[in-house]
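Visitor: Quick one: the structure is below, questions incoming.
The values are calculated or read from the model by the stated rules, or taken from the named source; none is laboratory data. Note that this is a predicted model, so its numbers are computed, not measured. FYI the Cβ positions are ideal-geometry reconstructions off the backbone, even for glycines, and counts take in every protein chain you see.
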Amino acid sequence: MIASKTSQLDDAQRIVITGVGLAAPNGDDLGQFRQALLEGRSGVVPYEIRYFGKTIAGVCNFDALRHQKRKELRRGTRAGSIGIYCANEAIRDSGWDWANVDRSAVGVYIGITEHGNVETETEIFLISGYNYDTSVWSHHHNPRTVANNPAGEIALNLEITGPHYTLGAACAAGNVGIIQAAQMLRLGECDLALAGGVSESIHTFGIFAGFASQGALATHEDPTKASRPFDQNRNGIVVAEGGCIYTMERLSDAKARGAKIYGELVGYAINTDATDFVLPNPERQAQCVAKALNRAGLNPEDIDIVSTHATGTSNGDSLECEALRNAFRGSQRTHFNNTKSYIGHCMGAAGALELAGNLPAFQDGFAHPSINCDQLDPECELPNLVLEQPRELGKVRRILNNSFGMLGINSVVIIEDLGGH
Amino acid sequence: MAPEEIREVIIEILGDIAPDEDLGSLDDAVAFREQLELDSMDFLDIVMELRKRYRVQIPEEEYGQLASMDSTVSYLTPKMAEIAK
C-alpha cells in the first residue's frame, strides 16, 4: 500500500484528530454511537413542531446540564448548547489538562448549515401574542442569531480567547470545519483546534415545511425506517439535530504529549457545482473526490471505506452513486456505507458526525452498514455497498467522508490510521 | 398590586432569569448584583418581563431604580397600584 503525501511532511505540518465529542440522536458519545451503528439502532422518533404539526426527526438526548448552568441554557441557543457539550466532551476525550491550556492559542471552527432561523421564528411567535408589538422583541435576539453564535458560545463556556467563528457551508459544513482547522493549524494561527459542526435545525418549522414543499421530506409509518438512502422507495430527508467536534492538533504536538490519535487528515477538497440551487452535479462531486485523493497522493483503491452523503432523496442518492461509481471505478477494496439511514440528516453536523461513526473501524476492522434499504435502487448500485449488516474488512487504513450541500458545495476529507501512536 | 405582591412578582421573574441562584436568602436592602450573578442583559430581562406581563414601561434613565429589591418595589408600587396580580 502506498504512503500518503503527508508522510513526507514535517510532523508540524501534519494534522491529527486527538479527541471526539459528539451528540447524535442515537448516542451521546463515540462509544454509544458506534455501538448503535453496528447494532442497527435508529435515533429517529415521532416529533411535532408548531405550525407544521406532526412529523419525525432525529432528536438528541445528551445531558445539556453536564457542561452548562441553567442560566446559560436559557440565554443561549440549542446550537450553542450542542456545541458546548461536544467541545467539552472532545477536550475530556483528548486528555488535555484544560486548566493549563493556553486558551489564546485555541481556535474554534464550527460548521453550520444555517443559524438564526430557530431564534427568529421563536421571537415572531412570541410577539404574535402581543399583537406583533416589537417593543417586546427580545434583547437576546441579536446575540442568539449572529452567525458566529455556536462557536462564540463554546468560546464563552470554555474561556477560549483565540479565534472563533462558524463556517456557513450548508450540509457540507461539518467537513469544512475540519478543513478550516487543519489550515489554521498549519498556518500557526492556533495550536489546538476545536472543529466540526452543529445543527439545531429540528427546532425551526421552516426547514420541515421547506423540504415538504420541495417534495423532499421523508414520511413513513415507522419513524425508524423513514431515512432510507439507496432504497427504491425512499421518499426524502429526515431532519435531525446533532453535533460533532474534534480536537485537532499538529502531529508534533500530539506526539510530544503522548496523545491518543484517532487518525490523520491526509487529504481534503472543497469545490462547487455551479449548476443548480439544489440538484447535485455528479461530475463535480467526482472531481471533488479526485481532488482530495490527489492532495493525499492516493488512488481510489487506497480507500477502505467511503462514508456517503446520501440523504434519502430520489435524485441526490442516485447522482452521488453515479459520482462514486466513476470516482472509484476499478477499486475492489473500497466499501461504501451511510449514517443518515440511522439518524436522519444532521445538517451542519452531518459531515463531522458521519466521519466519527466510522473512525472506530481503524480499531475494530468493521464497516458499519447503511440500514433501511429493503430494495436497492438499481441507480444506487455500488460495488461493496454495505447494507443491513456490518462487514468485517480486516485492517482499515483510510476513510473518505463525503459531505455535500445546497448551492452546489461539495466537500471531502480523507482520514488515515496512524496505528494509534 | 400591593408592595408584597410586587415583591413576589420580582422573585418569580428573577427565578426565571437566574434559575441557578438561591433567592430564599436574598437581602432586600442590598443590590441584586452584589448577591446574584446578574449582568446588564439580565436587568433588561426584568424590564422586558414587566413590560410583557403588566405593560409597565420603565424609561431607560430609571433603570437604576431596579438596583435592589427594596428600591424596585418602592419604584414600582405607584406604577402598579392599579394592576391586579
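Visitor: Given A:GLU72, A:GLU119, which one is assigned to a helix (DSSP H, G or I), within 14 Å of chain B (Cβ to nearest Cβ) and surrounded by 14 or more Cβ atoms within 10 Å (Cβ to Cβ)?
Guide: It is A:GLU72.
Visitor: Within the set of pairs 6 or more residues apart or between chains, which connect a residue that is closer than 18 Å to A:LEU158 by Cβ inside segment A:180-197 to a residue that is in a loop (DSSP other than H, G, I, E, B) with Cβ atoms less than 7 Å apart?
Guide: So the pair list comes out as A:MET184/A:CYS190; A:GLU189/A:PRO163; A:CYS190/A:GLY162; A:CYS190/A:PRO163; A:LEU192/A:VAL101.
Visitor: Restricting to segment A:153-166, name every residue that is in a loop (DSSP other than H, G, I, E, B) and either within 14 Å of chain B (Cβ to nearest Cβ) or closer than 18 Å to A:LYS71 by Cα (or both).
Guide: A:GLU159
Visitor: For residues that are part of a helix (DSSP H, G or I) and either among the small types (Gly, Ala, Ser) or out of contact with any helix residue (DSSP H, G or I) (no Cβ under 9 Å at 6 or more places or on another chain) (or both), tally how many sit in segment A:192-224.
Guide: Matching residues across segment A:192-224 total 8.
Visitor: Could I ask something else about it? Have a look at A:SER307, A:SER314 and point out the one that is buried (at least 24 other Cβ atoms within 10 Å of the Cβ) and outside the structural domain of A:ASP222 (by TED's automatic domain parsing).
Guide: On inspection, the qualifying residue turns out to be A:SER307.
Visitor: Within segment A:46-53, can one find any residue that is on the phi > 0 side of the Ramachandran plot, in contact with an Asp or Glu (Cβ under 9 Å, 6 or more places away or on another chain) and surrounded by 14 or more Cβ atoms within 10 Å (Cβ to Cβ)?
Guide: Looking for residues that are on the phi > 0 side of the Ramachandran plot, in contact with an Asp or Glu (Cβ under 9 Å, 6 or more places away or on another chain) and surrounded by 14 or more Cβ atoms within 10 Å (Cβ to Cβ), one finds none in segment A:46-53, hence no.
Visitor: Sticking with this one: Exactly one condition in (1) within 11 Å of chain A (Cβ to nearest Cβ); (2) assigned to a helix (DSSP H, G or I); (3) among the charged types (D, E, K, R) is false for B:ARG7; which is it?
Guide: (1)
Visitor: Residue check: is A:VAL176 in the same structural domain as A:ARG50 (by TED's automatic domain parsing) and over 18 Å from the mean Cα position of the chain (by Cα)?
Guide: For A:VAL176, the condition - in the same structural domain as A:ARG50 (by TED's automatic domain parsing) and over 18 Å from the mean Cα position of the chain (by Cα) - is not met.
Visitor: Which of (1) within 14 Å of chain B (Cβ to nearest Cβ); (2) crowded, with 17+ Cβ neighbours inside 10 Å; (3) not aliphatic (A, V, I, L, M) is the odd one out, the single condition A:CYS60 does not satisfy?
Guide: (1)
Visitor: When you check A:GLY258 against the structure, is it outside any strand (DSSP E or B), without any contact (Cβ under 8 Å) to a residue 40 or more places away in the chain, out of contact with any Asp or Glu (no Cβ under 6 Å at 6 or more places or on another chain) and under 30 Å from A:ARG295 (Cβ atoms), yes or no?
Guide: Yes.
Visitor: Filter segment A:29-56 for residues that are without any contact (Cβ under 8 Å) to a residue 40 or more places away in the chain and closer than 26 Å to A:TRP96 by Cα and give the result.
Guide: A:GLY31, A:GLN32, A:GLN35
Visitor: Right, something else. Tell me which of these B:LEU66 doesn't satisfy, since it passes every other one: (1) more than 24 Å from A:LYS69 (Cα to Cα); (2) touching a helix residue (DSSP H, G or I) at 6+ places or on another chain (Cβ under 6 Å); (3) within 14 Å of chain A (Cβ to nearest Cβ).
Guide: (3)
Here is a yes/no grid of residues against (1) away from every other protein chain (no Cβ under 14 Å); (2) over 15 Å from B:PRO78 (Cα atoms); (3) touching a residue at least 40 places away in the same chain (Cβ under 8 Å):
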{"position": "B:PRO3", "(1), (2), (3)": "yes, no, yes"}
{"position": "B:LEU14", "(1), (2), (3)": "no, yes, no"}
{"position": "B:GLY24", "(1), (2), (3)": "yes, yes, no"}
{"position": "B:VAL30", "(1), (2), (3)": "yes, yes, no"}
{"position": "B:SER40", "(1), (2), (3)": "no, yes, no"}
{"position": "B:ARG53", "(1), (2), (3)": "no, yes, yes"}
{"position": "B:GLU60", "(1), (2), (3)": "no, yes, no"}
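Visitor: Within segment A:94-106, does at least one residue satisfy the condition of being outside any strand (DSSP E or B), of a type outside the set (D, E, K, R), closer than 29 Å to B:LEU36 by Cβ and away from every other protein chain (no Cβ under 14 Å)?
Guide: yes
Visitor: It is to be established whether one or more residues within segment A:339-350 are surrounded by fewer than 24 Cβ atoms within 10 Å (Cβ to Cβ) and under 21 Å from the mean Cα position of the chain (by Cα).
Guide: no
Visitor: Hey, another quick one. Only one residue in A:GLY31, A:GLY19, A:GLY83 is assigned to a helix (DSSP H, G or I), surrounded by 21 or more Cβ atoms within 10 Å (Cβ to Cβ), at pLDDT 95 or above and out of contact with any Leu (no Cβ under 6 Å at 6 or more places or on another chain), so which one is that?
Guide: Testing whether each residue is assigned to a helix (DSSP H, G or I), surrounded by 21 or more Cβ atoms within 10 Å (Cβ to Cβ), at pLDDT 95 or above and out of contact with any Leu (no Cβ under 6 Å at 6 or more places or on another chain) leaves just A:GLY83.
Visitor: Scan segment A:126-152 residue by residue and report those that are within 14 Å of chain B (Cβ to nearest Cβ) and in a helix (DSSP H, G or I).
Guide: The answer is A:LEU126, A:ILE127, A:SER128, A:THR134, A:SER135, A:VAL136, A:HIS141, A:ASN142, A:PRO143, A:ARG144.
Visitor: Another question, then. Name the helices (runs of 4 or more DSSP H) wholly within segment A:268-375 that hold at least 1 residues that are touching a residue at least 40 places away in the same chain (Cβ under 8 Å) and in contact with a Cys (Cβ under 9 Å, 6 or more places away or on another chain)?
Guide: Counting at least 1 such residues, we get A:282-296, A:314-327, A:340-343, A:350-358.
Visitor: Would you tally the residues in segment B:21-67 being under 19 Å from B:LYS85 (Cβ atoms), more than 12 Å from the chain's Cα centre (by Cα) and not in a loop (DSSP other than H, G, I, E, B)?
Guide: Total satisfying the criteria: 4.
Visitor: With respect to A:ILE245, is the statement that it is part of a strand (DSSP E or B), touching a residue at least 24 places away in the same chain (Cβ under 8 Å) and not polar (S, T, N, Q) true?
Guide: Yes; evaluated as a whole, the condition is true for this residue.
Visitor: Touching a residue at least 12 places away in the same chain (Cβ under 8 Å), within 13 Å of chain B (Cβ to nearest Cβ) and either of a type in the set (Phe, Trp, Tyr) or more than 30 Å from A:LYS255 (Cα to Cα) (or both) - does that describe any residue in segment A:76-85?
Guide: Within segment A:76-85, one or more residues are touching a residue at least 12 places away in the same chain (Cβ under 8 Å), within 13 Å of chain B (Cβ to nearest Cβ) and either of a type in the set (Phe, Trp, Tyr) or more than 30 Å from A:LYS255 (Cα to Cα) (or both).
Visitor: State all residues of segment A:20-46 that are of a type in the set (Gly, Ala, Ser) and over 15 Å from A:GLN363 (Cα atoms); if no residue qualifies, say none.
Guide: If the condition is that a residue be of a type in the set (Gly, Ala, Ser) and over 15 Å from A:GLN363 (Cα atoms), then A:GLY21, A:ALA23, A:ALA24, A:GLY27, A:ALA36, A:GLY40, A:SER42, A:GLY43 are the ones that fit.
Visitor: Can you tell me which residue among A:LEU265, A:LEU185 is under 29 Å from A:ILE91 (Cβ atoms) and in a helix (DSSP H, G or I)?
Guide: A:LEU185
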